[in-house]
Amino acid sequence: MSDLAVQLKALGLDATAAGLDDLLARAIERGLAPRALLEEVVRNETSHRSRRSLERRRVKSRLGAFKPMPDFDWNWPKKIDRPLVERALSLEFLREGRNLVLLGPNGVGKTMLSKNIADQAVLAGYSVLFRTAAELLDDVQCDSPERRRQRIAAYTRPHLLCIDEIGYLSYDEHAADLLYNVINPRYEKRRSLLVSTNLAFKDWNTIFPNATCIVTLIDRLTHHADVTLIEGDSYRRRESEAEASARRKTRTS
């Protein structure tokens, strides 16, 4: 039995090898015909590989922890295009090779929405990579041109690339060139981007001063894109105020 399990594992039938004793016991108990036994092996392996594939995509996505959509209060923002966001959650933009840009002030839920949309893509079998703008630019800013090309190619491959928090930090004109070099090949291949920013496009020159490629970069990003504005007060500030109020009530009681 142990030799058979080793042989099955060598053939890549890991689920069957791990549950061999249980599988054979069930086959004997139910009197499974050879064909039925093979069908169960196929079902087990398919299910196992699907789970493993999902786990790998989750790890590679770098999504980290995030609040699920049921925790999102649609009534809190003063302005939000809910139908557009729900279509994004259905991955319509990804199937069409379009981009999605979430624009709004800090704390209105852009990152939460981005991560939930990205997670839906992971569940649907797409490859996803989630990075903040600072992480992405730091990653591709290499001294070696060959190393830089390899890093940029790595950002071109995923079906969906999420770039979060554009506008939170300022960069130099070289950073804009690097960002363009990431966005342009995805534009040419019609691979979707999901971008969140707290700045209107006309203000991007404040975070990439003296960059000559800004107009072209924004043109590539917004061509074949849905751009939606979210307006409102910060969720985090609301939660902080609620927590402070609860602590005061506890101390009073």
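Figures for the structure shown
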quantity	calculated
Answer from ALA211, ALA200, ALA175, ALA153 - the residue that is out of contact with any His (no Cβ under 7 Å at 6 or more places or on another chain), farther than 27 Å from PRO77 by Cβ, exposed (fewer than 12 other Cβ atoms within 10 Å of the Cβ) and not acidic (Asp, Glu)	ALA153
Restricting the range 136-183 to residues that are of a type in the set (Asp, Glu) and part of a loop (DSSP other than H, G, I, E, B), the residue that is nearest to LEU103 (Cα to Cα)	ASP172
Meets criteria (small (Gly, Ala, Ser) and modelled with pLDDT of 95 or more) for ALA225	yes
Any hit, the range 178-192, residues being touching a strand residue (DSSP E or B) at 6+ places or on another chain (Cβ under 7 Å) and of a type in the set (S, T, N, Q)	yes
Condition broken by SER50, with the remaining ones in (1) open to solvent by 50 Å² or more (accessible area, probe 1.4 Å); (2) touching an Asp or Glu at 6+ places or on another chain (Cβ under 6 Å) satisfied	(2)
Failed item, numbered, when GLU40 is tested on (1) over 32 Å from the mean Cα position of the chain (by Cα); (2) open to solvent by 50 Å² or more (accessible area, probe 1.4 Å); (3) under 26 Å from LEU123 (Cβ atoms)	(2)
Qualifying position, being among the charged types (D, E, K, R) and either closer than 30 Å to VAL227 by Cα or touching a strand residue (DSSP E or B) at 6+ places or on another chain (Cβ under 7 Å) (or both), among ARG95, ARG56	ARG95
Any chance ARG220 is in a helix (DSSP H, G or I), modelled with pLDDT under 90 and of a type in the set (Lys, Arg)	no
Residue match in the range 59-82 (condition: over 30 Å from ALA200 (Cβ atoms), under 23 Å from the mean Cα position of the chain (by Cα), open to solvent by less than 80 Å² (accessible area, probe 1.4 Å) and touching a residue at least 12 places away in the same chain (Cβ under 8 Å))	no
Residue tally, condition open to solvent by 20 Å² or more (accessible area, probe 1.4 Å) and assigned to a helix (DSSP H, G or I), over the range 85-99	5
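The values are calculated or read from the model by the stated rules, or taken from the named source; none is laboratory data. Values in this document were obtained by computation on a predicted structure and should not be read as measured data. All Cβ positions, even for glycine, are placed from backbone atoms using ideal geometry, and neighbour counts span all protein chains on display. Note: areas computed on protein heavy atoms with side chains; ligands, DNA, RNA excluded. Shrake-Rupley method; radii C 1.70, N 1.55, O 1.52, S 1.80 Å.
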